[in-house]
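A.B. asks: Structure provided below as structure tokens; questions to follow.
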Amino acid sequence: MNTVIFRTLAPMIVAIMLVFSVYVCLRGHNEPGGGFIGGLIAAAAIGVFGMASGVATVRKALRVDPMAIAGFGVVMAGASGLMSLFIDAPFMTSIWLYLDIGESVVPLSTPLFFDLGVYCVVFGTLSAIALSLESDREEDI
């Protein structure tokens, strides 16, 4: 699929998909969504970008190997679970920190960092698979 219309619209579609994936990930511990679904949407965006622009362009745009992103996500998710050991609580117990910023309060929590880790794992793994499959397809053409 290498039409002019698709190549022209793909960057806009990818940008919208990436913003929506972050939104879904960040609202996940309060409403439906989370790191897994957000990572799926982001990986689908990378797949669309790969079909429109080619694997080399996507790898250059990512700047980091997708499997390195997945590895970082595993470390981040594991570390969020280990944080509860510092307060003598069972593994994966939620810890909340409320930051006063101006006139609002921003809650930070270990479930948020766990969701971000899962997001990175799913995004990195599925992006690596999609780019590998797309590069195989390019070699066949």
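What follows is calculated from the coordinates using simple rules that are stated; it is not laboratory data. The shown structure was predicted, so the numbers you read here are calculated from the model rather than taken from an experiment. Don't worry about glycine lacking a Cβ; one is built from the backbone with ideal geometry, like all the others, and counts go over all protein chains shown.
A.B. asks: Under a crude label model (7 Å from the Cα following the beta-carbon direction), how far is residue 98 from residue 40 in nanometres?
C.D. replies: Each label point lies 7 Å from its Cα, and together they span 3.4 nm.
A.B. asks: For the chain, with a Gaussian network of springs between Cα atoms less than 10 Å apart, report the residue from 50, 28, 102 with the top mean-square fluctuation.
C.D. replies: 102
A.B. asks: If r is the Cβ-Cβ distance from residue 22 to residue 84 and R0 is 25 Å, what FRET efficiency results, to the nearest 0.05? Walk me through the numbers before you get to the answer.
C.D. replies: Details: r = 26 Å, r/R0 = 1.03.
Efficiency computed from Cβ-Cβ geometry: 0.45.
A.B. asks: For region 53-137, run through the chymotrypsin sites (Phe, Trp or Tyr not before Pro) and keep only the ones in DSSP coil with at most 13 other Cβ atoms within 10 Å of their Cβ. Present the calculation step by step, with values, prior to reporting the outcome.
C.D. replies: On the way: sites: 72, 86, 91, 96, 98, 113, 114, 119, 123; in loops: 91.
Passing both the DSSP loop test and the Cβ count: 91.
A.B. asks: While we're here: Just to confirm the filter: which trypsin sites (Lys or Arg not before Pro) across region 1-105 are DSSP coil and have at most 13 other Cβ within 10 angstrom of their Cβ?
C.D. replies: Values: sites: 7, 27, 59, 60, 63; in loops: 27, 63.
Qualifying residues, ordered by number: 63.
A.B. asks: Take each uninterrupted DSSP H stretch in the chain, measure its Cα extent along the helix axis, and return the ones at 27 Å or beyond whose mean Kyte-Doolittle hydropathy is at least -1.0.
C.D. replies: Numbers: long enough: 4-26 (34 Å, 2.28); 110-140 (45 Å, 0.57).
Sorted by number, the helices that extend far enough and score high enough are 4-26, 110-140.
A.B. asks: Starting from the Cα-Cα distance between residue 105 and residue 75, subtract it from 0.36 nm times their residue separation and give me the gain in nm to one decimal. Could the numbers behind the result be given before it?
C.D. replies: On the way: separation 30, 0.36 × 30 = 10.80 nm, distance 2.78 nm.
Stretched out fully, the residue 105 to residue 75 stretch lengthens by 8.0 nm.
A.B. asks: Okay, moving on. In a Gaussian network model over the chain where Cα atoms closer than 10 Å are linked, find which of 65, 100, 115 has the largest mean-square fluctuation.
C.D. replies: So, out of 65, 100, 115, the one fluctuating most is 100.
A.B. asks: On to the next question. So what's the back-of-envelope 222 nm ellipticity for the chain, counting only DSSP H runs of four-plus at -39500 (n - 2.57) apiece and dividing by all residues, rounded to 500? Before the final figure, lay out each step's value.
C.D. replies: Working: 5 runs with 98 residues, N = 141.
Helix contribution divided over all residues of the chain: -24000 deg cm²/dmol.
A.B. asks: Take the Cα atoms of the chain, find their three principal axes, and give me the spread along each one in whole Å, biggest first.
C.D. replies: The Cα atoms of the chain stretch 58, 32, 25 Å along their principal axes.
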